[in-house]
Structures are given as C-alpha cells and as structure tokens.
Amino acid sequence: MIKVGIIGCGTIGKELAKACQKKFSEDVTLEALADVDSAKAKKLQKELKPRPLILPYDSLVKRCDLVIEAASAHNSYDIAKKALLLGKDIMVMSVGGILGKEKELLNMARAHHCCLYIPSGGVVGIDGLKAARVGKIHRVTLTTRKPPQGFEDAPYVIKHGINLKNLKEEKVLFEGNASAAVKGFPKNINVSATLSMAGIGPERTKVKIIACPHMLVNVHEVYVVGDFGSFYARTENFPSEQNPKTSRLAVLSAVATLERILKNVKIGT
Ligand SMILES: NC(=O)c1ccc[n+]([C@@H]2O[C@H](COP(=O)([O-])OP(=O)(O)OC[C@H]3O[C@@H](n4cnc5c(N)ncnc54)[C@H](O)[C@@H]3O)[C@@H](O)[C@H]2O)c1
C-alpha cells in the first residue's frame, strides 16, 4: 500500500482525501494531512475513516511515499524540494509556485529515483501540446476569461488599482507571458504554468486574462501552432462549489492523476 499525505485540506485536498479512501482504497492508505489552518485539517480528519494523522508538513513528507501538495503557490516549491530530496513522489497542484524551477526539481527527481506529477488541472490540450513539443512549436497562447470576483485579491489587480466592481462589459486585465502572469495572479492562472512546462516555457507562452461580468463559467482557450499544424482547445469550466477560483475540472484532474499514477494502463500522451 502506498502511503499518501495531503498538504492543504481545502477544495482539492478534501476530494483527494475522499478518493484515497473510496476509489483507491485497494492501492493507497491516506496516512496524514497537513494544513496551515489546523481547524481545516481537523474538520477534514473528522470526515474520514480511518482517521489520518495531522502532522506538520515536514513530518508528513518524511512519513509518506506520495505527497500531494494542494495548498498554496507560496510553499509548493519548498514542499516539492523536500519531498524529492527524500526520494518521495510528489504531485503539485500550485504549479505557479514551481514555475522556473522545474529543471532543478526534475534533476532532483532523477537523482533520487522519484517522480514529480503535475496534473493538467483546469485546462484541456496538454496532451496535444506534449506531443507537439517533440517537434517544433512556434506559438502557444492562452486566453482566460473568469468572473471578476475571482480576481479581486490578485497582486496584479491590487498593484494597478484595478476596480472590478460594477463591471458592465469584459475587461482585459493582463497581457504578457506566463512568467509574469503567475506572479500577478498566483491563485488564478496555474494553467498557464502547466502549459508552459508542457510546451515552450514561461517566457514564450503568451497569456491574456479577461474579467467577464455575468459569466458563470471559467473559460480557457489554448491556441498552439507548430510544425505539426495547429490546434485550438476551449474549456468551459464550472467553478467548484467551495472555491470559485478553482474549476471543478481541476479537482477531477487531480483525482484522475492519482488514478494514472496507480493504474497499470496509462491512456493519453
Ligand atoms: N493546477 C491547477 O490547474 C489548479 C487549479 C485549481 C487550483 N490550483 C491550486 O491548488 C491549490 C489548492 O486549491 P484549492 O482550490 O484546494 O484551494 P483552497 O483554498 O480550497 O484550499 C487550500 C488549503 O490549503 C491551506 N493552505 C494554504 N496555505 C498553506 C500552507 N502554506 N501550508 C499548508 N496549508 C496551506 C488552506 O488553509 C486551505 O485549507 C491552490 O494553490 C490553487 O491555486 C491549481
């Protein structure tokens, strides 16, 4: 049995914890939880049977075989580094936090014979992008549209004093590369980090972020041009009920990645 530890007991962490105990109970034991907010960890612990331990994240990493980070871009790099240096597999959800450091992490994973897993999250098209990268890619662009309230605490919005209240029509908040996008919108645009890592890197991946009033879905449009031809992938995501910044598909993608890790047949690129 693989011992799983989950850091971050919010929307994604909770769903994964439940999946460990129901869907994947033959393959894994949910060993431990960690959260900066101990009340959240305790609340989730009570909903689970058997009850996992609650540990500081350093201890959780030492005790588990597979660590799942579903906490924050502030510490996803630190968690990934600690896990990989101890030879533990790690799944990272807060992908923006490791952007630019992925080569270092991949070297650690290679040296310590373990794996770094990055789910597709709330975007489709990663499979095609990974295949296209084997040849030459000329261009990757991501256009993201979300309701304005999801952007209110974004550092870029605060820094530029952008008023998102009473928007009547859509407003372009940001145009630039993925590297700048994840710094300005760390909770909103993990998908741009994932696309960068799967494709042509954070400097060349272009991102446009648009606030759309009256919108009920989060829309990601990915356009890729390469020697293979081109593709356009559009995802219309319902936000999750618990956290409007997180798409339902991102939660499902985390569970599907766990399934991919555990099962012997791996479908898709
Ligand atoms: N890869 C993707 O496509 C994708 C999609 C959605 C969300 N995310 C990211 O995944 C992470 C989890 O998303 P969520 O919707 O579950 O968020 P959430 O806010 O519902 O839950 C996050 C949990 O982590 C805890 N936490 C925050 N900082 C922490 C820290 N430093 N150490 C330990 N615990 C900490 C919080 O207390 C909370 O319980 C976020 O960083 C989010 O941006 C990624």
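Roughly speaking, to the nearest percent, how much of segment 126-244's 1.4 Å accessible area is carbon and sulfur? Accessible surface attributable to carbon and sulfur in segment 126-244 totals 52 percent. Relative protection proxy for 156-163, 50-57, from highest mean packing down: 50-57, 156-163 (other beta-carbon atoms within 10 angstrom). The loop-placed GluC sites (Glu not before Pro) in segment 170-213, going by DSSP, that have at most 12 neighbouring Cβ atoms within 10 Å of their Cβ come out as E203. For the chain, the per residue solvent-accessible surface stands at 50 Å², with DNA, RNA and ligands left out and a 1.4 Å probe. Straight-distance candidates among the lysines for linking to K18, with alpha-carbon spacing under 16 Å and chain neighbours fewer than 8 residues away dropped: K3, K40, K42, K43, K46, K49. By accessible area, using a 1.4 Å probe on protein heavy atoms only, segment 1-72 has 51% of its surface on carbon and sulfur.
Take peptides 27-33, 226-232 and line them up by average Cβ neighbours within 10 Å, highest first, as a rough protection proxy.
The most tightly packed comes first, giving 27-33, 226-232.
The packing ranking of peptides 125-134, 3-12, highest mean first, is 3-12, 125-134, where packing means the average number of other beta carbon atoms within 10 angstrom of each residue.
Placing +1 on each Lys and Arg Cβ and -1 on each Asp and Glu Cβ, with no other charges, gives the chain a dipole about its Cα centre of roughly 120 debye.
The values are calculated or read from the model by the stated rules, or taken from the named source; none is laboratory data. The structure displayed is predicted, hence computed values, not measured ones. Please note: Cβ atoms are built from the backbone with ideal geometry, for glycine as well, and neighbour counts cover all protein chains shown. Accessible surface is based on the protein model in full, side chains and every heavy atom, while ligands, DNA and RNA are left aside. Shrake-Rupley method; radii C 1.70, N 1.55, O 1.52, S 1.80 Å.
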